[in-house]
1. Give me the pairs: first residue in the stretch 90-117 and of a type in the set (D, E, K, R), second residue at pLDDT 95 or above and crowded, with 18+ Cβ neighbours inside 10 Å, beta-carbon distance under 6 Å, and six or more apart or on different chains, which are they?
2. Of 78, 52, 48, which residue is farther than 21 Å from residue 9 by Cβ and among the basic types (Lys, Arg)?
3. For a quick check of your reading of the model, give me the residue pairs whose first member lies in the stretch 1-29 and is closer than 21 Å to residue 66 by Cα and without any contact (Cβ under 8 Å) to a residue 12 or more places away in the chain, whose second is assigned to a loop (DSSP other than H, G, I, E, B) and open to solvent by less than 80 Å² (accessible area, probe 1.4 Å), with beta-carbon atoms closer than 9 Å and at least 6 apart or on different chains.
4. When you check residue 170 against the structure, is it at pLDDT 95 or above and among the acidic types (Asp, Glu), yes or no?
5. Evaluate the following for residue 163: is it modelled with pLDDT of 95 or more, more than 21 Å from residue 82 (Cα to Cα) and crowded, with 16+ Cβ neighbours inside 10 Å?
6. Please enumerate the residues belonging to the stretch 187-202 that are open to solvent by 30 Å² or more (accessible area, probe 1.4 Å) and either among the acidic types (Asp, Glu) or more than 18 Å from residue 156 (Cβ to Cβ) (or both).
7. If I filter the stretch 63-81 for residues that are closer than 22 Å to residue 189 by Cβ, of a type in the set (Val, Ile, Thr), modelled with pLDDT under 95 and not in a helix (DSSP H, G or I), do I get at least one hit?
8. Does residue 169 qualify as being crowded, with 17+ Cβ neighbours inside 10 Å, hydrophobic (A, V, I, L, M, F, W, C) and in contact (Cβ under 8 Å) with a residue 60 or more places away in the chain?
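The values are calculated or read from the model by the stated rules, or taken from the named source; none is laboratory data. Keep in mind that this is a model prediction, so the values were computed, not measured. Backbone-built Cβ (ideal geometry, glycine too); neighbour counts: all protein chains shown. In case anyone asks, the SASA skips ligands and DNA or RNA and just uses the protein heavy atoms, side chains included. Shrake-Rupley method; radii C 1.70, N 1.55, O 1.52, S 1.80 Å.
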Amino acid sequence: MTPIIQIKDVHKHFGSTHALRGVSLDVEKGEVVVIIGPSGSGKSTLLRCINRLEEFDAGSIIVDEIPLDTAANINAVRTEVGMVFQQFNLFPHLSVLDNIMLAQRVVRKRTRDASTGNAMMLLEKVGIPEKAHSFPLQLSGGQQQRVAIARALAMNPKIMLFDEPTSALDPEMIQEVLDVMLELAREGMTMVVVSHEMGFAKAAANRAILMDEGMIVEEAPPKVLFTNPTQERTKLFLSKIL
């Protein structure tokens with residue numbers, strides 16, 4: 001089968017900084033890929049290029065057989081790719097329910113009843129149906145991130161991108177978010193996750209990838225990468241975080 005994400009020789013510059021240096025990566029449908037690496041290694045930039053939140057300077061990205069080369073194609077891809085950020089980016093003036101319903105109404109053109117039903121089903125899925133009528137500032141960080149995941153899932157995406165989704169959370173709230181992500185992985189959702197949560201990588205990922213200085217240094221199944229890396233850079237990085 002054709003990989004659902006095809007990244008070929010992608011380069012990205014921020015001024016004089018060469019943030020991505022010829023990155024190539026295929027992700028299969030239903031695969032969970034976790035990207036690790038030091039700060040500034042290009043992980044988040046690569047993730048943002050997948051739905052063209054960040055423009056790249058050279059190379060190609062094809063998502064679900066749609067090349068990211070025209071405005072129409074970019075919009076088509078964005079409707080099929082959900083993204084969860086470090087910060088929750090919820091609308092503070094809208095209730096939890098309305099946050100999850102908004103894009104369904106505007107982009108998917110669903111009725112209010114259909115949007116409400118879907119939102120409530122997703123709040124059940126992420127474990128906080130009782131928070132439907134609360135506002136974001138009334139929730140813990142972990143609860144807000146679970147709402148953000150529900151909002152992304154409300155669009156019925158084929159792919160979910162997670163950009164360090166637990167990095168802004170207190171330690172005791174991290175697991176409740178990871179549990180939701182683990183369940184998505186078990187259900188077969190294609191996921192690309194930038195994270196330092198090695199437990200999640202071991203439990204859910206098909207592949208772990210180490211990036212450094214804008215390049216993929218090494219990739220392997222998590223148990224192999226974490227216990228028997230072949231590259232010295234990987235060994236050095238893991239020695240500091242494991």
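1. As it stands, the answer is 105/115, since those pairs meet every condition given.
2. Just a single option satisfies the conditions, and that option is 78.
3. So the pair list comes out empty.
4. no
5. No: the conditions fail for residue 163.
6. 187, 196, 197, 199, 202
7. Yes, because at least one residue in the stretch 63-81 is closer than 22 Å to residue 189 by Cβ, of a type in the set (Val, Ile, Thr), modelled with pLDDT under 95 and not in a helix (DSSP H, G or I).
8. no
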